[in-house]
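*Asks:* Handing you a structure now.
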Amino acid sequence: MSVMATSTNVSEKTQGRAKRFIGGVVEGFYGRPWTMEQRTELFKREQKWDLNTYLYAPKDDYKHRMYWRDLYSSEEAVQLIALITAARQHNIDFIYAISPGLDITFSNPKEVAALKRKLDQVRDFGCCSFSLLFDDIEADMCPADKQAFSSFAHAQVAITNEVYQHLREPETFLFCPTDYCAAFCTPNVSQSSYLRTVGDELLPGIDVLWTGPKVVSHKISVESIEEVSSILKRAPVIWDNIHANDYDPQRIFMGPYKDRPTELIPKLRGVLTNPNCEFYPNFVAIHTLATWCKASPDGATRDVEMGDEEQDPCYSPHKALMLALTDWLEEFMSTDQPTACLKKESSEEEPMQTDLGEHSYVPGPGENPLYTAEPLTLDDLKLLSDLFYLPYEYGSTAKTMLHELNWLKSHSQAAAVDTDQTAEWRSRARQFDDMCEAVVRMFNRLSNAPNRRILYDLYNYICDIKSGVHLAQAYVKSLGGLGKPSAQLMGADPEPWGFRGGLSGEFQRMLPGHGNRDLFKHPPKTAVYCIRPYCAEDKMDLQRIFTNMQQERRIMTDAPLISDLLSTGEIPPSPQCALVLEDDMGPCGYMLALMDAKAAAASVQDTRDRAFEDFPSLITGQVLPRVTDPSPAKRMIAQLLSTIKSCGSKGVFCELRHSDRRMLDFYTKSNSFQPIKMDGLPPDVIAMGTGL
Ligand code: GDL
């Protein structure tokens, strides 16, 4: 077997000729492959939107991967020929991919012959472009291959070069490496010996697929592409998994192509999107990619209107989305289903649906009027896209709903006792309810849209989000006292939709990191807090925080506690016992402590007798309501307790007014502080303490 192939006249033919940018779709996901009819529909769309390529690589198609050696039967041949012909008719380059990596023995000539035989068969069907994929396979070679090749990369490259030459160096020939993203490279991209071998040994006419920094890349930067191009010695074709959903049955992505600057275009050989498994909901994914591919940073075909000056002068994801949704709305409203679906052969795929238009029933006097559905709107589709946006980002409405639910949850107790807050809480609860209703209305209008195929692909997802929103809506009502503590959420014998997610959901909830990677709960902006030692300049800020919190809770401090005097600065904290919490808006909380509370009490003539023997030290603090995350306060307390303990104190207490629900709740939920009996405290004050 020839291990190193050399360049021939054929490749020289293509040298110097600018190759066109590859733009299109890879059907490269796991699960049920698309039907022939859907693929043909795809070619039509691609042509209409100026995309030029389709890569045939359905992971679970028998003869693409698992049974890669098997030739196609005559029935299958008829179908493939029809597909290849349809692609040609629509000016789409049909690339046939094969994935032999699960079990091929690279060093066995019979295996290489089987691969060539299979690709020859597809070439005879009229296919001119090919691809060898080595993604998602074990990187270990069998003993025979270990003997024949110095590395896995050498084995893959040798067979790829050989097949490429056997097929006479097709103009388009793609190779998918096993290390197809930066995260898979050891130790990193520029030092990867695997990629170096590919770069050095793979014939120059073969292009390499690359998914970016990760399998599903949030962003793809120009620098990252320059880095990988340098080691591969060629510009990669991006296999983009941004809209792929085969890894999570509850998610589907209908946000715009995004976070890939158009400056990338001249640095890439192409982009192929591997989208959602469901064919019809990919309208947005493919339409917006097409818009992106047309955005040219050199200014030649630059559409000024399209740009988003702040982000990318040539492309705005929002505008691209609105263009896509406007076109999609038309498709939703069309009953123009290909006639094949009513024919017998495809009746398994689609239920019977006939147009009743001409003979529709007219109700008589006194009868129920016929049900007429409200038509779907562009706003409905915008909402749909917002709820199912992108893998690392929710759309704007989804973000607002989560934010509002979180606020309503965390402010329900304060609102229950404070009339000003009650008004705000109720108004925001009403707005939240309206947003939930909009989701239900969208669901109803979608369910009534004439184009049933799109609906059926979306149905599970929209049903799921409707139930989720419905539960949240009921919960907010119960928080505001407008509904019973939701039977759906907490009843003794709830229906199964009260505990959704099945076994997989159970497992997820039991794992320690559950929720850690939540897209909403950890937005980068609010996650950054700084805890630092108190300094003299902080005095005014601390007083302001203290007074704000007192006023908010309408507390009169004519009989101040030692804690109050500590907060106002009238009693100084003990050395190293004062911490300030800051966020990007400035100081937002503090924690102060006194090692010897008895001495401090005496210094201000506070003679109330307390349990100072067991709890000689005191701690106090406040955190503004904008800090919804309890962890910064926990950290400050932990740090102070540790300082106090290291100074020899045997216990710490705090004094809390009943109206200070936030801190009360906080200490109650902490595992260490317990209510303690302290004589002499005013009736609205309770003490909690912890031994050290
Ligand atoms: C992958 C697979 C792809 C799958 C995607 C998303 C590549 C090259 N291969 O790793 O088949 O659809 O993840 O799950 O991306």
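The values are calculated or read from the model by the stated rules, or taken from the named source; none is laboratory data. Source: prediction; values computed, not measured. Every residue, glycine as well, gets a Cβ built from its backbone with ideal geometry; the counts of neighbours run over all protein chains shown. Keep in mind that these areas ignore ligands, DNA and RNA; they rest on the heavy atoms of the full protein, side chains included. Shrake-Rupley method; radii C 1.70, N 1.55, O 1.52, S 1.80 Å.
*Asks:* If Pro256 satisfies every condition in (1) surrounded by 18 or more Cβ atoms within 10 Å (Cβ to Cβ); (2) within 14 Å of the ligand (Cβ to nearest atom) but one, which is the exception?
*Replies:* (2)
*Asks:* Can you tell me how many residues within region 55-67 are touching a Gly at 6+ places or on another chain (Cβ under 9 Å), part of a loop (DSSP other than H, G, I, E, B) and either open to solvent by 20 Å² or more (accessible area, probe 1.4 Å) or not charged (D, E, K, R) (or both)?
*Replies:* 4
*Asks:* Just checking, how many residues over region 51-85 are within 19 Å of Ile137 (Cα to Cα) and within 16 Å of the ligand (Cβ to nearest atom)? Explain how you work it out, then say what you get.
*Replies:* Taking region 51-85 and keeping what is within 19 Å of Ile137 (Cα to Cα), we get 56-69.
Within this subset, residues satisfying the condition of being within 16 Å of the ligand (Cβ to nearest atom) are 56-62, 64-66, 68.
Of the residues in region 51-85, 11 are within 19 Å of Ile137 (Cα to Cα) and within 16 Å of the ligand (Cβ to nearest atom).
*Asks:* Scan region 227-243 and report the pairs whose first residue is free of Cβ contacts under 8 Å to residues at least 40 places away in the same chain and assigned by TED's automatic domain parsing to the domain that holds Ser190 and whose second residue is within 12 Å of the ligand (Cβ to nearest atom) and open to solvent by 10 Å² or more (accessible area, probe 1.4 Å), with Cβ atoms within less than 8 Å and a gap of 6+ or a chain change.
*Replies:* Asn241/Val215; Asn241/Val216
*Asks:* Let me ask something else. Just need a number here: residues in region 91-131 that are within 25 Å of Leu51 (Cα to Cα) and either modelled with pLDDT under 95 or outside any helix (DSSP H, G or I) (or both).
*Replies:* Looking only at that region, the number is 16.
*Asks:* So which residues in region 374-433 are part of a helix (DSSP H, G or I) and aromatic (Phe, Trp, Tyr)?
*Replies:* Of the residues in region 374-433, the ones part of a helix (DSSP H, G or I) are 378-387, 396-417, 419-433.
The answer is Trp407, Trp425, Phe432.
*Asks:* Give the number of residues within region 564-593 that are closer than 12 Å to Gly621 by Cβ and in contact with a Cys (Cβ under 7 Å, 6 or more places away or on another chain).
*Replies:* Qualifying residue count for the region: 3.
*Asks:* Residues that are surrounded by 21 or more Cβ atoms within 10 Å (Cβ to Cβ), under 25 Å from Ile286 (Cβ atoms), touching a residue at least 24 places away in the same chain (Cβ under 8 Å) and within 16 Å of the ligand (Cβ to nearest atom): does region 99-108 have at least one?
*Replies:* The answer is yes, given that some residue of region 99-108 is surrounded by 21 or more Cβ atoms within 10 Å (Cβ to Cβ), under 25 Å from Ile286 (Cβ atoms), touching a residue at least 24 places away in the same chain (Cβ under 8 Å) and within 16 Å of the ligand (Cβ to nearest atom).
*Asks:* A follow-up question, please. Only one of Asp145, Asp136 is in the same structural domain as Gly28 (by TED's automatic domain parsing) and more than 16 Å from the ligand (Cβ to nearest atom); which? Before you say what the answer is, go through the steps one by one.
*Replies:* Details: Asp136 fails: more than 16 Å from the ligand (Cβ to nearest atom).
Of the residues listed, the single one that is in the same structural domain as Gly28 (by TED's automatic domain parsing) and more than 16 Å from the ligand (Cβ to nearest atom) is Asp145.
*Asks:* Just give me the residues in region 259-278 being open to solvent by less than 10 Å² (accessible area, probe 1.4 Å) and within 20 Å of Ala57 (Cβ to Cβ), in sequence order.
*Replies:* Answer for region 259-278, where residues must be open to solvent by less than 10 Å² (accessible area, probe 1.4 Å) and within 20 Å of Ala57 (Cβ to Cβ): Gly270, Val271, Leu272, Thr273, Asn274, Pro275, Asn276.
*Asks:* In region 227-252, what residues are surrounded by fewer than 22 Cβ atoms within 10 Å (Cβ to Cβ) and within 20 Å of Cys293 (Cβ to Cβ)?
*Replies:* Ser229, Arg234, Ala235
*Asks:* Restricting the search to region 559-596, which residues are over 17 Å from Arg657 (Cβ atoms) and either charged (D, E, K, R) or touching a Lys or Arg at 6+ places or on another chain (Cβ under 8 Å) (or both)?
*Replies:* Gly569, Glu570, Leu579, Val580, Glu582, Asp583, Asp584, Met585, Cys588, Asp596
*Asks:* Within region 599-643, how many residues turn out to be at pLDDT below 90, more than 17 Å from Leu692 (Cα to Cα), more than 32 Å from the chain's Cα centre (by Cα) and among the small types (Gly, Ala, Ser)?
*Replies:* The qualifying residues number 5.
*Asks:* For region 545-598: of the residues being part of a strand (DSSP E or B) and modelled with pLDDT under 90, which is farthest from the chain's Cα centre (by Cα)? Break it down into steps so the answer makes sense when it comes.
*Replies:* Going through region 545-598, the residues part of a strand (DSSP E or B) turn out to be 578-583, 586-594.
Next, only the ones that are modelled with pLDDT under 90 stay: 583, 586.
On the way: Asp583: 26, Gly586: 31 Å.
Restricting to residues being part of a strand (DSSP E or B) and modelled with pLDDT under 90, the top hit is Gly586.
*Asks:* What pairs can you find where one residue is in region 125-148 and over 17 Å from Glu162 (Cβ atoms), the other is within 16 Å of the ligand (Cβ to nearest atom) and open to solvent by 50 Å² or more (accessible area, probe 1.4 Å), and their Cβ atoms are less than 7 Å apart, with a gap of 6+ or different chains?
*Replies:* Ile137/Leu102
*Asks:* Would you pick out the residues in region 150-188 that are assigned to a loop (DSSP other than H, G, I, E, B), within 16 Å of the ligand (Cβ to nearest atom) and either open to solvent by 10 Å² or more (accessible area, probe 1.4 Å) or hydrophobic (A, V, I, L, M, F, W, C) (or both)?
*Replies:* Narrowing region 150-188 to residues assigned to a loop (DSSP other than H, G, I, E, B): 150-151, 167-172, 177-181, 185-188.
Still in the running and within 16 Å of the ligand (Cβ to nearest atom): 177-181, 185.
Within region 150-188, Thr178, Asp179, Tyr180, Cys181, Cys185 meet the criteria.
*Asks:* In region 551-563, which residues are closer than 17 Å to Ile619 by Cα and of a type outside the set (Val, Ile, Thr)? Let's see the steps before the verdict.
*Replies:* Filtering region 551-563 for residues closer than 17 Å to Ile619 by Cα gives 560-563.
Matches in region 551-563: Pro560, Leu561, Ser563.
*Asks:* Can I ask one more? Using beta carbons and a limit of 8 Å, which pairs, at least six apart or on different chains, have the first residue in region 24-41 and under 27 Å from Ile265 (Cβ atoms) and basic (Lys, Arg) and the second one in a helix (DSSP H, G or I) and at pLDDT 95 or above?
*Replies:* Correct list of pairs: Arg39/Leu83; Arg39/Ala86.
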